[in-house]
Amino acid sequence: MELILEFKGKLGNYQIVETNDGTFTVHSEFFNENCHSTAGAYEETIYNYIEGCEVERFLAENNIVNILEIGFGVAVGAECLLDKFLGKTQTVVNFVTTEIDRDFAVWALEHSPFAKKYREKFEDLTIQKDCITFKISNFNFIILVGDARETLPTFRNLKFHCVFQDAFSPKKNPTLWTVEWFKLIYELSDPSVILSTYSSHMSIRASLLCAGFLVETRKGFGMKRTCTRASRQEYKKLTAVMEEIKKHAHQALTDSNYQEMLKD
């Protein structure tokens, strides 16, 4: 399958961009941003999400593991998950991901590097207006199509163990970084959940804290000095970053203040 480097969807053009590890991300014209670091889309996903959310441990400890990914893109998250664990675990994995542009999601399932590697293994592929589903062995994939602030509240079938918070940056896509958004994720999460994200902005950490999460800092990938991880029960006392948020009164991002807070 030849890799197609450009696609026009409902939200504008998408360009496939090669990153420094030889794998690919996508640049969205609508958000004017890449989905991944150019230091390496695949390696960043492994570090920030597969390792950051301790997926391997959850698979070893549970018969069913539910993963939520915010931002399907060119399916690097799904690709990394299958590369690491397909055929190596009997645990049932439910992988729920969001994608605002249905046309692009369909395109990615046909033309992305993920599709090139795994399309022939798809079982029971169903493409509907607001949802796309398929399975590969014991891995079930659900793509919620549309604005995640509207689609995710209707999806209450599962409690998530791992959350890959991989939305476009707060300045480009602020409503997926507010206190209200993280409260929704908290509500839909298992008590043992780990949420991991590339963002290290103090307002995002404050938003997680206000939503009920316990927050810690983690070494960042590539040129990023730090990134962020959050949980509901792992940390019983204030971490250093939580103490900093409280000491300096860092303001959380909310649905009502993000336009003002994110001004240049």
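Brief remarks follow.
- Put simply, of Gly87, Gly40, Gly22, Gly73 the only residue that is small (Gly, Ala, Ser) and under 23 Å from Cys131 (Cα atoms) is Gly73.
- Residues of the range 240-264 that are modelled with pLDDT of 75 or more, surrounded by fewer than 16 Cβ atoms within 10 Å (Cβ to Cβ) and part of a loop (DSSP other than H, G, I, E, B): Ala249, Gln251, Asp255, Ser256, Asn257.
- Test: residue in the range 77-85 that is modelled with pLDDT under 90 and either within 20 Å of Leu152 (Cα to Cα) or not small (Gly, Ala, Ser) (or both): no
- The requirement of being at pLDDT below 90 and either of a type outside the set (Ser, Thr, Tyr) or on the phi > 0 side of the Ramachandran plot (or both) is not satisfied by His161.
- Scanning the range 84-105 for residues that are of a type outside the set (Gly, Ala, Ser), within 18 Å of the chain's Cα centre (by Cα) and under 18 Å from Cys35 (Cβ atoms) yields Phe95, Val96, Thr97, Thr98, Glu99, Ile100, Asp101, Arg102, Phe104.
- Matching residues, the range 17-41, being of a type in the set (Phe, Trp, Tyr) and in contact with a Pro (Cβ under 9 Å, 6 or more places away or on another chain): Phe24
- Residues of the range 9-55 satisfying the condition of being of a type in the set (Gly, Ala, Ser) and more than 21 Å from Thr226 (Cβ to Cβ): Gly9, Gly12, Gly22, Ser28
- Some residue of the range 66-77 being touching a residue at least 60 places away in the same chain (Cβ under 8 Å) and in contact with a Gly (Cβ under 7 Å, 6 or more places away or on another chain): yes
- Those residues of the range 22-51 which are over 15 Å from the mean Cα position of the chain (by Cα), among the charged types (D, E, K, R) and modelled with pLDDT of 90 or more, in sequence order: Glu29
- Every condition in (1) in contact (Cβ under 8 Å) with a residue 60 or more places away in the chain; (2) surrounded by 14 or more Cβ atoms within 10 Å (Cβ to Cβ); (3) not hydroxyl-bearing (Ser, Thr, Tyr) is met by His27 except one, and the failing one is (1).
The values are calculated or read from the model by the stated rules, or taken from the named source; none is laboratory data. Owing to the predicted nature of the structure, the values given are computational and were not obtained by experimental measurement. Cβ coordinates were reconstructed from backbone atoms using ideal geometry, including for glycine residues, and neighbour counts include every protein chain displayed.
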